[in-house]
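Structure first, commentary second.
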Amino acid sequence: MKRKHYPAILLLEDGTKYYGWSFSNSIKSTGEVVFNTGITGYQEIMTDPSYAEQIITFTYPEIGNTGINEEDNEANKIYIRGIIAKNISNKPSNWRQKKNLIDYLIQKKIPHIFGIDTRALTKHLRHYGVMNGCITDNILNTEMIQAIIENTSKMTENRLVNKVTTKRLYPFLLTNKNSGIYSHLNQKTPFENHYLFHIAVIDLGVKNNILSRLINYNCKITVLPANSNYYTIKQLQVDGILLSNGPGDPSSMTDIINNVKNIIDFCNIPIFGICMGHQILSLALGAETFKLKFGHRGINHPAGMNQQAEITSQNHGFAVKLNSSLNKKLAISHFNLNDSTVAGIIHKNRPIFSVQYHPEASPGPHDSDYLFKHFIYLIEQSKINH
């Protein structure tokens, strides 16, 4: 079915304009304009809480070819401010699809613009850095749009985790709609009351696929709000703690950082940090973070050390400072091999480690999935030693 196109404009805060089209005739959305270089995974990207308040540019020239399914959503709520694409397919083909991407955008009221030169936009963002922007129709004049952009909050010092975290503690149970697809990893569901370990996941914007990977290792999972403190963790009597991914500036989360510091000091149990969790953990251990010029967002980022590399899925706009992480407590385990930023740390004396990338990596690659196994191994050794 042929869809009607409506004129749309993308205006960046530096005044740069891109003219395109939308399937919605009334749009106005502002956010930080970023780009993702992944060839696949647009559904996971749009439903990932780590992209809260951001407008995502897809560098791949056409998205929507595999439609939308019921299993690959990373969260139940959409936090993005919009998407930008060269072309959006109207004829998807995939055995799991339930609807096409165009219908999904309209039904979920996701602001969008297509038909623009995404290569030129990406080169612009790489040169000048990510910046705020606005997707709109032709109703507003340039001055009004510029005023909207200027009033949009910057990503630095933005406590976005508070917007995406759960408001209450809850057990995570695997269902068909949040299982993800891991046929090559032998996904399985543990039998009730036969869990090996109890894991507390501090929700900074957690993705369903992180939780499903833990389920695969027969873990009982309790998801906690981001501001959960040491006393809550102690009462649960968990075997390990995972600090999840999430959006925004990690250094602005001072209450969460202090809670994690207390957990580290008083709970001698294994801790695994992913992405935002890696940054929060590093800050709690005395490191510092900074904002990257245009971030790392894609599924082809090399990370490693000592002649060993793995291809990783990444989505972050901040990183741990190299000079601040070299202290008595921490050692660097991985570097981003594109720009030599810190991509992983380990504690020298405690069962604590973290990575800047996403080892659950749906839709891929899965080079780093071993980190979940390593987390379970640390829990096993910790219980043996105590």
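Only bridges with both residues in the chain count here: give the DSSP antiparallel percent, nearest 5. Once the DSSP bridges in the chain are tallied, antiparallel ones form about 60 percent. Across the range 6-150, Cα pairs under 8 Å and at least six residues apart give a relative contact order of 34 percent.
Computed across the range 1-49, the Kirkwood radius stands at 13.4 Å (inverse of mean 1/r, all Cα pairs). Note on Lys108 and Tyr370: their simple-model spin labels are 3.4 nm apart, each label 7 Å out from Cα toward Cβ.
Note: relative contact order over the chain, using C-alpha pairs below 8 Å and six or more positions apart, is 14 percent.
Restricting the calculation to alpha carbons of the range 246-307 gives Rg and Dmax of 13.5, 38 angstrom. A Stokes-Einstein calculation at 20 °C with viscosity 1.002 mPa s, built on the Kirkwood radius of the range 161-385 over Cα pairs, returns a diffusion coefficient of 123 µm²/s. Using alpha carbons only, the radius of gyration of the chain set against its Kirkwood radius gives Rg/Rh = 0.97. Working note: Cα atoms of the range 273-366, range along each principal axis, descending, whole Å: 35, 26, 22. What the Cβ-Cβ distance of His5 and Arg96 gives, at R0 = 30 Å and to the nearest 0.05, is a FRET efficiency of 0.60. Site pair Thr37 and Trp21 shows an inter-label distance of 2.9 nm when each label is modelled 7 Å from Cα along Cα→Cβ.
Given a Förster radius of 25 Å and the C-beta distance between Asp255 and Ala331 as r, what FRET efficiency does 1/(1 + (r/R0)^6) yield to the nearest 0.05? Efficiency at R0 = 25 Å is approximately 0.35. For the chain, modelled as a GNM whose springs connect Cα atoms under 10 angstrom apart, the maximal fluctuation among Pro92, Pro225, Pro363 occurs at Pro92.
In summary, no helical segment of the chain meets the span-like criteria, namely a full DSSP H run, a Cα extent along the axis of 24 angstrom or more and a mean Kyte-Doolittle hydropathy of at least 0.5. Dividing the Cα radius of gyration by the Kirkwood radius, what Rg/Rh value follows for the range 1-82? Across the range 1-82, the Cα-based Rg/Rh ratio is 0.96.
Listed by Cβ neighbour count within 10 Å, with the fewest neighbours leading, Arg159, Arg213 appear as Arg159, Arg213.
Sorted from longest to shortest, the spans of the Cα atoms of the range 6-150 along the three principal axes equal 46, 30, 26 Å. Annotation: the residues Leu125, Leu337, Leu173, sorted from fewest to most other C-beta atoms within 10 Å of their own C-beta, follow the order Leu173, Leu337, Leu125. Residues Arg119, Arg168, ranked from the fewest to the most other C-beta atoms within 10 Å, line up as Arg168, Arg119.
Where a number appears in this text, it was derived from the coordinates with a stated rule and is not lab data. What you see is a predicted model; the values in this text were computed from it and never measured. No Cβ is skipped: glycine too gets one built from the backbone with ideal geometry, and neighbour counts run over all protein chains shown.
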